[in-house]
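Working notes, beginning with the structure itself.
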Amino acid sequence: ELVATVMFEINDPVRRDRFLRSITWVEKHLFIDVGGEKVAGEAETDVERTKADGKTSSVHFVHFRFTPEQIAKFRDPATQVMVVIAHENYHHMAVMQPQVKEALAKDFA
């Protein structure tokens with residue numbers, strides 16, 4: 001598995017509060033795309049990250065559990081890997097660079 005810390009850093013407290021209230025349950029909308037196959041993120045459950053009033057935390061700890069087949073695809077230099085947030089109020093994706101993929105592939109041991 002891979003584990004990620006997701007942090008939303010917004011210096012202005014008013015903008016930060018408004019943004020965090022707009023992405024309620026964002027931790028349920030995180031995944032890694034491995035050559036078109038989604039590996040869903042599983043948020044740590046030790047602390048509730050979204051409060052009753054709908055405001056989510058600015059920091060989330062997420063686990064991505066891969067099957068052996070997904071690990072093989074991840075390790076393939078030809079496979080594009082992306083980290084994705086697909087929340088209705090916030091979308092972002094980042095293509096993982098080859099050096100990052102190579103380093104993270106070692107974490108699968």
Test residue 45 against the stated conditions and say whether it is within 24 Å of residue 12 (Cα to Cα), at pLDDT below 95 and either hydroxyl-bearing (Ser, Thr, Tyr) or touching a helix residue (DSSP H, G or I) at 6+ places or on another chain (Cβ under 7 Å) (or both).
no
Just need a number here: residues in the stretch 53-70 that are closer than 12 Å to residue 32 by Cα and either surrounded by fewer than 16 Cβ atoms within 10 Å (Cβ to Cβ) or hydrophobic (A, V, I, L, M, F, W, C) (or both).
5
What tally of residues in the stretch 71-89 results from selecting those that are touching a Ser or Thr at 6+ places or on another chain (Cβ under 7 Å) and surrounded by 13 or more Cβ atoms within 10 Å (Cβ to Cβ)?
1
Positions within the stretch 12-39 being exposed (fewer than 15 other Cβ atoms within 10 Å of the Cβ) and not in a helix (DSSP H, G or I), in sequence order
12, 25, 35, 36, 38
Any residue that is touching a residue at least 12 places away in the same chain (Cβ under 8 Å), in a strand (DSSP E or B) and more than 30 Å from residue 17 (Cβ to Cβ) - is there at least one of those in the stretch 75-98?
yes
For the stretch 57-74, what are the residues that are in a loop (DSSP other than H, G, I, E, B) and of a type outside the set (Gly, Ala, Ser)?
65, 66, 67
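The values are calculated or read from the model by the stated rules, or taken from the named source; none is laboratory data. Quick caveat, the model's predicted, so the values are computed rather than measured. So basically every Cβ, Gly included, is an ideal-geometry build from the backbone, and we count neighbours across all protein chains shown.
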